[in-house]
Amino acid sequence: FELERLGVHESVDQVFPSAELSAYLSDLPVDVVGDEAVPDCDAVVTLEHREAFLEVGWVHSVQAGVDRFPFEEFESNDVVLTNSTGIHDRTVGETVAGYLLAFSRRLHEHVANGTERRWDQPAWDDAFTLPGTSACVVGTGTLGSGVADVLGALGVSVTGVRRSGDPVPGFEEVYANDDLLEAVADVEFVIVTLPLTDETHHLIDADVFEAMDEEARFVNVGRGPVVDQDALTDALESGSIAGAALDVFETEPLPEESPLWGMDEVIVTPHCAAFTEDYFRDTGDIVRENVDRLESGEAFHNRVV
Ligand code: NAD
């Protein structure tokens, strides 16, 4: 297809102002236009899916996760789908480090006490330091590697889980999916960085929480439905794990009545682990690269469909 008009859909406003991206891409040799013109565009940059996108030649997702797009319909309509994998290593790595430091230095507890103006020191043995602790990262892609990198710098010993079990730089040991239960036993932190696919749906279930240490904490920055959230809630309520930090949920926004909101040792963040003021530049660079490649007839970078 001929790329003359590239639209920026208004749904990207949930992550950054769409006008910032349009301005960042204004030097491209194509018209970069706002939301109102999307039906007349040849390509769209978006967060959400719309039926109308099946009419364009190329859709770029500003997220790495593309589970909201209907792959088969894209394929049958000859629509190319690209994603933003590759840019969230440092942001998500630092967010996960923040969760672990909150748990080890008790920061979430102090913030909660502060909202009630309460001066309340933790028990002498509640706080600890990260060197000497270990974390198992399930999913060794961009997010997993970013997490391993930042945690490694904090002295955490990091292992990983991937389908093949083959080694990955930055991970001291890598387990195959088949050995998941063994991998999550005896670590202080289990961290999920997986995409949502048919294969990963509820991959993290009651058996995983059962296999974890009672003192261990669970982190999910991948996608909510990768985790059986009822099993997680049960594990937290029964004390079979010690806490959790969660950025993604089976239903988002997390409903007000969710028991996860009320738990002292659960940190809830609103699907923002990868937020950064640089987001429009990072994702814009992928769009720019693909516009260049389209011009020169090369294959798309980060093509999913
Ligand atoms: P990526 O493609 O770089 O990495 C995904 C990894 O998961 C790959 O290594 C892949 O081999 C592995 N994988 C896929 N299916 C698997 C399976 N069944 N078992 C084991 N491993 C499997 O993608 P990424 O940039 O690291 O992002 C991963 C996911 O994290 C995204 O799909 C998205 O859903 C989520 N994400 C969340 C946020 C957030 O804000 N919380 C931000 C970015 C990405």
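Annotations for the structure displayed:
- Bridge type composition, the chain - antiparallel percent by DSSP, nearest 5: 5
- Other-chain or far-sequence residues with amide H under 5 Å of Gly57's (modelled H): Ala43
- When a 1.4 Å probe is rolled over the protein heavy atoms, the share of accessible surface on the chain that falls to carbon and sulfur comes to 46 percent.
- Across the chain, the fraction of Cα-Cα pairs farther apart than 32 Å, rounded to a whole number, is 33%.
- Whole-number accessible area per residue in Å² for the range 4-51, which is evaluated in the context of all protein chains at 1.4 Å: 46
- The range 135-154 and the range 209-259 have Cα centres separated by 19 Å.
- Between helix 229-238 and the chain: long-axis angle, C-alpha atoms, 0 to 90°, nearest 10: 20
- Label sites at Glu265 and Ala153, each approximated as a point 7 angstrom past Cα along Cα to Cβ, lie 2.9 nm apart.
- Per-peptide packing, taken as the mean over residues of other Cβ atoms within 10 Å, places 198-206, 12-20 in the sequence 12-20, 198-206 from highest down.
- Considering only alpha-carbon pairs that sit under 8 angstrom and 6 or more positions apart, the relative contact order computed for the chain is 15 percent.
- MRE, 222 nm, helices only [DSSP H, n ≥ 4, -39500 (n - 2.57), over the chain, to nearest 500]: -8500 deg cm²/dmol
The values are calculated or read from the model by the stated rules, or taken from the named source; none is laboratory data. Treat the numbers as computed from the prediction; the structure is a model and nothing was measured. Virtual Cβ from ideal backbone geometry, glycine too; neighbours counted across all protein chains shown. Ligands, DNA and RNA are stripped out before the accessible areas are found, and what is left, the full protein with its side chains, is counted by its heavy atoms. Shrake-Rupley method; radii C 1.70, N 1.55, O 1.52, S 1.80 Å.
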